[in-house]
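Undergrad: Shown below is the structure under consideration.
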Amino acid sequence: MFLSRHFVMTTVGAAALLSAGAASAETRGYVVDWFHVATAFTEANCPKGLNPLSDDFYKHELKRLGYANSDVERLMKDFPNGEYIPITTNRGRVDGKPVNIYANPWTAPDPMLMNVKGTAAYGFNLDGRSGANDFVDPETKERGVDNQMFRAVGCINNFAVNPPNQPIYPFAQWDLTRDSSPAWLIQISGIDDALNDDDVTVTLDKSVDVIQRDANGNAVADMTMRVDPNSRSHTVVKAKIKDGMLVSEKFNMQFESDPMLMPMFDFKNSKLRFKLKDDGGLEGVLGGYHAWWPIYWSYAQGGWIVEHSAGLNIPGIYYALKKMADADPDPKSGENRAISTAWRITAVPSILVGTAEPQTAQK
Amino acid sequence: MKLVFAKAGLFVAAAVALAACSPAGGGKENASASATTAMTASQAGGPAIMRRLTQEQYEQIIADVFGSTITLGGRFEPDVRENGLLAVGSGQVSVTAAGLEQYDVMARNVAAQVTDEKRRATLLPCAPKDAKAADDACARETLSKVGRLLYRRPLTQAEIDGRVAKAAEGAVKLKSYYAGLEASLAGMLVSPQFLFREELVEADPSRKGMTRLNGYTKAARLSFFLWNAGPDDELLRAAETGEIHTAKGLTKQVDRMLASPRLKEGTRAFFTDMLEFDRFGTLAKDAAIYPKFNFKAAQEAQEQTLRTIVDHTVTQNADYRDLFTTRKTYLTRLLGAIYRVPVDQPTGWVPYEFPENGGQAGILTQVSFVALHSHPGRTSPTLRGKALREVLLCQKVPDPPGNVDFKIVQETSNPSFKTVRQRLNAHATEAMCKGCHKITDPMGLALENFDTIGGYRTNENGAPIDTSGELDGIKFNDAAGLGKAVHDHPGTTSCLVNRVYSYAVGRVATPSEKDWVKTNLEKRFAEDGYKVPQLFRRIVTSDTFFRVIPPAEKPPAEKLAGKTAAAEKLIQTGELK
C-alpha cells in the first residue's frame, strides 16, 4: 500500500485535528543536534590562565606520593603511556593503601583547580537573586546568572572555548553516543507568530530513533523521528517568543540519556531559551539545577583515558563541583547536593511522528 | 570483431582466436563458424561481438557459481560509455596491464576461498583420493562443472586437458591437490573466455547462406540481457540440446526467464546503464550548502528510482511512459528528509505516494535525476535539459564551444540575477550560446523547484521561481507538466526501444536492425501498451536478435594461428593464464 503524505499526517495528528477546531497555529518539530556544557571563555574569567594539563598534574601527583624527581621522569618518560598509569590511577589512599582515585576522589587531597573568577557565563538567574557568585549572560545580558558548574570547570583547558566552538570532551561525549543513543526531540506548538508570541508550548521528548549524520557529521535535518511513547522523558512547558527568542517558564525535567553521558538528566527549577534561526533550526541554552555527583561521574567514569587525554583533573573536578554546589542542601550535613548549570543546545528541523500534534517540515 | 581484436592485443587475441577458430562448445552446432555468405538487405542482423563482463556481471557469476559469501578483493577497470550505454562500450574495451593485475588478484582470492578447507566440501563436487597428490579424475570433474558455468559453455577437450594438467602440475609442486586446483581455477578466472563474452556463430540451417549465434551464445545473450547474469544450468541444457534454436524451446526459456525474479535484476541493470547511474560514483555536492547529500543519499537516490522503475514496469507491468508522471515511489528516512516528507519506518524502504499538488511527479523530479544533472552547489537547467534530451529522448545536444564565458550563470549571488532563469537569459543573449540553450533550458527550467540535491523550493535568493517551460512545442507550467510532455513525446518510447535493443546486442544497431526496430519493434511496443517486459519478449523471440552478419573481413588465418600459438605458449608457461 502506498502511503500518502496526507495519510501519514492525518494518522499522527488525528487527535489534535479533531480537538483543535479552527486552530491555525503552527507546530514545529526539531531533533537535538548538539548538547554540551555552555562555555564562555574570557581572559577575565581565568586571570591566572588555565589549569595544567595531565602530564603536568600527574608529575605533581607523583611527587606528592613521594616519588623522587628522577623516578617521576622515568615513570613519565613514555607519556601518555608508561609506568605511571597504575600509580596515578590508584593515587587515592585509604588506610595508607592505594585506591582508585576516580571512584574515590575524596581519598586524595584537593588539587585546588583554578576556577572562573570573571563575570561572563551563559545561563539564567535561577534563584531570582543577584549576588557576588552570579554571572552576566554574554548573550542576553541577564544579570544574576546562576552557573556554578561553569565556575568549577571553566578554566580547564578543555572548556576554554566560546560558541560556536564546542568544549572538546563534552563534544566528544555527545558525539560518541549520538549514533547509538535515541535522539532528543523538541516540539514547539501554538506558534501564531514566530517572532513574537506570548503563548507557545515547548514539549521535550526522547525519540525511539537515532539521528542520521549528514555530510558534515551533524544530524540530518528534516528527517522523520518517532517520539518515544514512554513518558519518562516527556516534559511540557509554556514559553513566550520575543523578537525571535523563545524563553520558557521554569520547569522540572527528567531526561533519559546515554550512560556514556549521563544515565538520567534531572533538572530542577530550569529554564530554556531558543533562538528560532533563519535556517529553520534552534540554538539556545538550557539552565537549571542538577545534582553534582552525576555530573562528576560523567567525567570520572572514563578514568585514566579521559583524565590524561582530555586533561581533566578528575579529583580536582570533584572538589570543585562539591565546593561550588549551590542548591539542595542535605538536611543532615547541610552540604549542597545540586549545582546550577547551563547547557548549550542546537537542534535542526525534524518531522516528529507519534505526537499529539500534527507536524510539518519547514520549507 | 576486427576492432576488438586490434584494440585488445595479445590478451584478447587469444580469445578472438578461440572465438573464430575453436569449435568451442563441441557437438553438432559448432562446425560452421566460418560459413558466411552475403545477406540480403531485408534480413536484419548485426555482427557478433566480444564484450567484457561488467563488474555487476562478474560479481553475479561468482555469486551464482560459488555462493554470495565469496569476496573478490580487487578493483574493476572503469567501463566506457558509447552511444549512451556502457553495454555498448563493453564491446569496445580490452584489459589494461593494471586491470589484468586486478583480475588476477580477484581470481586468486576467489580460487583460494573456493578451495579453502571450510568451503571445499560444499563447493566442490568431489574430494581427491589423496589430498597431498594430484587427482586428475577429481580435477577434471570439478573443472568441467565449474568451467561450464564460468565460460558459459562446456570446455573443449583441449581446454579441460590443459586445466587438469595445470592442476596436476600445481599439486605435484605444492604437494597439495587443493593448491593445484586453486592455481588452475585462478587461471580459468583470469582467462579471456571468462572475462569476455565471446559470441560464437554457426551456419543457420533454416536460412541458407546465413549465420546465427550458436546455442551457448544465444543462451548467454538471453541471460545477460534479461538477468544480467550468466546462463543457468537449464539454459545451458537448452543450448546443449539445441532446444534453444526451436521456437517452442526458445519460448519456453523466455517464459521461464521473464517469470523469474531475476528479471528485476536484469531490468535494474538496463536502467542503471541507460540512466547513467555509474556517474553517481563521482558525484559530489557542496556539503556546506547541501549537507544532507552524503554517500548514503547518493546510493539511496539511485535505489529509489530503480525501485520505482522495477515496481512500475515489472511488478505492475504498467505503461513505461507513466514513469514520467507517477507519484508513487519508495522512500527511506534519509530520502524523506531530502523531500521533507515523513517516513516513519526506521530502516529500509517504504512505498510512498507524493501528494497530487506537492510538486513531485515522475522520475524526472526524483533526486537521482535532478541531483545527477546539477552542479555541486547550484542547479543547472541546461544540464538537466541536456540529460533529458540525450538520455531519455536519444537526441544529441552539441557540446558548448570552448570559449564560453560562464561568469553570469556561475554568479548565484548576483543581486541583479536572483534566479537561474534570469542568469541564463542574460547568458544566452550571446549569440553563440543562444542556439544550444534554446534546446535544453526550456525543459530544464521546469525542474527549478528542485534544488541541486532534489529538495523542493519555491524561491531562489528570495525571488519566486518561474517553472514554465516548453518541450518541442508543448508548453507547461511546472515539473508535472514537463513529465506529461515527456510522457506524450514520441521520442520517449522510441528512445527506450532503441536503447533496449542496443543494450541487448551490445552494440549500435546496424542499418537493417534500425529499420526493423523502427518499423516493427517500436510499433509492437505501442500495440503492447508500452510494457517493458513485453518489449524484452519481442526482442528475444525475434529472428533479428540472434541473426548474425559475419565480419566483413576475417583476420588472416596464419596470423591468428600465430597469435593462438603464442597465446597458448604463454598459457602453458604460466605467463598468461
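Undergrad: Can you spot a residue in the stretch A:165-179 that is of a type in the set (Gly, Ala, Ser) and open to solvent by 10 Å² or more (accessible area, probe 1.4 Å)?
TA: Yes: the stretch A:165-179 contains one or more residues that are of a type in the set (Gly, Ala, Ser) and open to solvent by 10 Å² or more (accessible area, probe 1.4 Å).
Undergrad: Under 8 Å between Cβ atoms, at least 6 apart or on separate chains: pull out the pairs that start in the stretch A:49-64 with a residue that is more than 13 Å from A:Gly82 (Cα to Cα) and modelled with pLDDT of 95 or more and end on any residue that is among the small types (Gly, Ala, Ser) and open to solvent by 60 Å² or more (accessible area, probe 1.4 Å).
TA: A:Ser54/A:Ser309
Undergrad: Can you tell me which residues in the stretch B:172-226 are part of a helix (DSSP H, G or I), over 30 Å from B:Arg120 (Cα atoms) and touching a Ser or Thr at 6+ places or on another chain (Cβ under 7 Å)?
TA: none
Undergrad: Name the residues in the stretch A:65-85 that are part of a helix (DSSP H, G or I) and surrounded by 13 or more Cβ atoms within 10 Å (Cβ to Cβ), would you?
TA: A:Asp71, A:Val72, A:Arg74, A:Leu75, A:Met76, A:Tyr84, A:Ile85
Undergrad: Filtering the stretch B:393-404 down to residues that are among the hydrophobic types (A, V, I, L, M, F, W, C) and in contact with a helix residue (DSSP H, G or I) (Cβ under 6 Å, 6 or more places away or on another chain), which residue is surrounded by the fewest Cβ atoms within 10 Å (Cβ to Cβ)?
TA: B:Val397
Per-residue answers, yes or no, for (1) among the hydroxyl-bearing types (Ser, Thr, Tyr); (2) at the interface with chain A (Cβ under 10 Å from one of its Cβ atoms); (3) in contact (Cβ under 8 Å) with a residue 60 or more places away in the chain; (4) in a helix (DSSP H, G or I):
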{"site": "B:Tyr330", "(1), (2), (3), (4)": "yes, yes, no, no"}
{"site": "B:Gly359", "(1), (2), (3), (4)": "no, no, yes, no"}
{"site": "B:Phe369", "(1), (2), (3), (4)": "no, no, yes, yes"}
{"site": "B:Arg378", "(1), (2), (3), (4)": "no, no, yes, no"}
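Undergrad: Among the candidates B:Gln360, B:Gln304, single out the residue that is buried (at least 17 other Cβ atoms within 10 Å of the Cβ) and modelled with pLDDT under 95.
TA: B:Gln360
Undergrad: Whether any residue in the stretch A:130-143 is open to solvent by less than 60 Å² (accessible area, probe 1.4 Å), closer than 21 Å to A:Trp293 by Cβ and over 16 Å from the mean Cα position of the chain (by Cα) is what I want to check.
TA: No; the residues of the stretch A:130-143 include none that is open to solvent by less than 60 Å² (accessible area, probe 1.4 Å), closer than 21 Å to A:Trp293 by Cβ and over 16 Å from the mean Cα position of the chain (by Cα).
Undergrad: Do we find that B:Gly481 is farther than 26 Å from B:Ala269 by Cα, modelled with pLDDT of 95 or more, assigned by TED's automatic domain parsing to the domain that holds B:Ala337 and in a helix (DSSP H, G or I) in this structure?
TA: So B:Gly481 passes the test.
Undergrad: Let me ask something else about it. Please find, within the stretch B:454-500, the residue that is nearest to the chain's Cα centre (by Cα) out of those that are aliphatic (A, V, I, L, M) and within 26 Å of B:Ala298 (Cα to Cα).
TA: Within the stretch B:454-500, the match that is nearest to the chain's Cα centre (by Cα) is B:Val500.
Undergrad: Within the stretch A:86-100, which residues are more than 29 Å from the chain's Cα centre (by Cα), farther than 12 Å from A:Arg64 by Cβ and either open to solvent by 40 Å² or more (accessible area, probe 1.4 Å) or among the hydroxyl-bearing types (Ser, Thr, Tyr) (or both)?
TA: Correct list: A:Pro86, A:Val94, A:Asp95, A:Gly96, A:Lys97, A:Pro98.
Undergrad: Restricting attention to the stretch B:310-321, which residues are open to solvent by 30 Å² or more (accessible area, probe 1.4 Å) and either within 14 Å of another protein chain (Cβ to nearest Cβ) or on the phi > 0 side of the Ramachandran plot (or both)?
TA: Listed by number, the residues that qualify are B:Thr315, B:Gln316, B:Asn317.
Undergrad: Would you be able to tell me the number of residues in the stretch A:260-309 that are closer than 29 Å to A:Val220 by Cα, open to solvent by 40 Å² or more (accessible area, probe 1.4 Å) and without any contact (Cβ under 8 Å) to a residue 40 or more places away in the chain?
TA: Residues that pass the stated criteria total 7.
Undergrad: Test each condition in (1) open to solvent by 60 Å² or more (accessible area, probe 1.4 Å); (2) modelled with pLDDT of 95 or more; (3) within 30 Å of A:Lys141 (Cβ to Cβ) for A:Glu43 and report the one that comes out false.
TA: Of (1) open to solvent by 60 Å² or more (accessible area, probe 1.4 Å); (2) modelled with pLDDT of 95 or more; (3) within 30 Å of A:Lys141 (Cβ to Cβ), only one is false for A:Glu43: (2).
Undergrad: Still on this model: What single numbered condition from (1) surrounded by fewer than 23 Cβ atoms within 10 Å (Cβ to Cβ); (2) β-branched (Val, Ile, Thr); (3) within 14 Å of chain A (Cβ to nearest Cβ) fails to hold for B:Thr241?
TA: In the conditions (1) surrounded by fewer than 23 Cβ atoms within 10 Å (Cβ to Cβ); (2) β-branched (Val, Ile, Thr); (3) within 14 Å of chain A (Cβ to nearest Cβ), B:Thr241 misses (3) alone.
Undergrad: Limited to the stretch B:159-196, what total is found for residues that are without any contact (Cβ under 8 Å) to a residue 24 or more places away in the chain and either among the hydrophobic types (A, V, I, L, M, F, W, C) or open to solvent by less than 30 Å² (accessible area, probe 1.4 Å) (or both)?
TA: Number satisfying all stated conditions: 4.
Undergrad: May I pose another question? With respect to A:Ala291, is the statement that it is among the aliphatic types (A, V, I, L, M), more than 14 Å from chain B (Cβ to nearest Cβ), farther than 23 Å from A:Pro170 by Cβ and in contact with a strand residue (DSSP E or B) (Cβ under 7 Å, 6 or more places away or on another chain) true?
TA: The answer is no for A:Ala291.
Undergrad: Does B:Asn449 satisfy the criteria of being within 27 Å of B:Ala297 (Cβ to Cβ), within 14 Å of chain A (Cβ to nearest Cβ) and open to solvent by 70 Å² or more (accessible area, probe 1.4 Å)?
TA: No: the conditions fail for B:Asn449.
Undergrad: Select from the stretch B:328-339 the residues that are crowded, with 20+ Cβ neighbours inside 10 Å and either in contact with a Cys (Cβ under 8 Å, 6 or more places away or on another chain) or among the basic types (Lys, Arg) (or both) and list them in ascending order.
TA: B:Arg333
Matching residues to (1) closer than 15 Å to B:Ala387 by Cα; (2) open to solvent by 50 Å² or more (accessible area, probe 1.4 Å):
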{"position": "B:Gly435", "(1), (2)": "no, no"}
{"position": "B:Leu445", "(1), (2)": "yes, no"}
{"position": "B:Ile453", "(1), (2)": "no, no"}
{"position": "B:Arg457", "(1), (2)": "no, no"}
{"position": "B:Phe476", "(1), (2)": "no, no"}
{"position": "B:Gly481", "(1), (2)": "no, no"}
{"position": "B:Ala485", "(1), (2)": "no, no"}
{"position": "B:Asp488", "(1), (2)": "no, yes"}
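Undergrad: Please count how many residues of the stretch A:228-246 are within 18 Å of the chain's Cα centre (by Cα) and either open to solvent by 50 Å² or more (accessible area, probe 1.4 Å) or charged (D, E, K, R) (or both).
TA: 1
Undergrad: Let me ask another. Quick check: is even one residue across the stretch A:206-214 more than 14 Å from every other protein chain (Cβ to nearest Cβ) and either within 22 Å of the chain's Cα centre (by Cα) or not in a strand (DSSP E or B) (or both)?
TA: Looking through the stretch A:206-214, at least one residue is more than 14 Å from every other protein chain (Cβ to nearest Cβ) and either within 22 Å of the chain's Cα centre (by Cα) or not in a strand (DSSP E or B) (or both).
Undergrad: Take A:Gly92 and tell me if it is more than 23 Å from A:Ala338 (Cβ to Cβ) and in contact with a strand residue (DSSP E or B) (Cβ under 7 Å, 6 or more places away or on another chain).
TA: yes
Undergrad: So, of the residues in the stretch A:186-200 that are more than 22 Å from the chain's Cα centre (by Cα) and in a strand (DSSP E or B), which turns out to be farthest from the other protein chains (Cβ to nearest Cβ)?
TA: Result: A:Asp198.
Undergrad: Can you tell me which residues in the stretch A:215-231 are of a type in the set (Asp, Glu) and at the interface with chain B (Cβ under 10 Å from one of its Cβ atoms)?
TA: Once the filter is applied, which keeps residues that are of a type in the set (Asp, Glu) and at the interface with chain B (Cβ under 10 Å from one of its Cβ atoms), the stretch A:215-231 yields only A:Asp222.
Undergrad: Let me ask something else. Just checking, which of B:Phe324, B:Phe293 is aromatic (Phe, Trp, Tyr), within 14 Å of another protein chain (Cβ to nearest Cβ), touching a helix residue (DSSP H, G or I) at 6+ places or on another chain (Cβ under 8 Å) and within 30 Å of B:Cys436 (Cβ to Cβ)?
TA: B:Phe293
The values are calculated or read from the model by the stated rules, or taken from the named source; none is laboratory data. Here the structure is a predicted model, which is why all the values come from computation and not from measurement. Cβ sites come from the backbone with ideal geometry, for glycine too, and all protein chains shown count toward neighbours. SASA here: full protein model, heavy atoms, side chains in, ligands and nucleic acids out. Shrake-Rupley method; radii C 1.70, N 1.55, O 1.52, S 1.80 Å.
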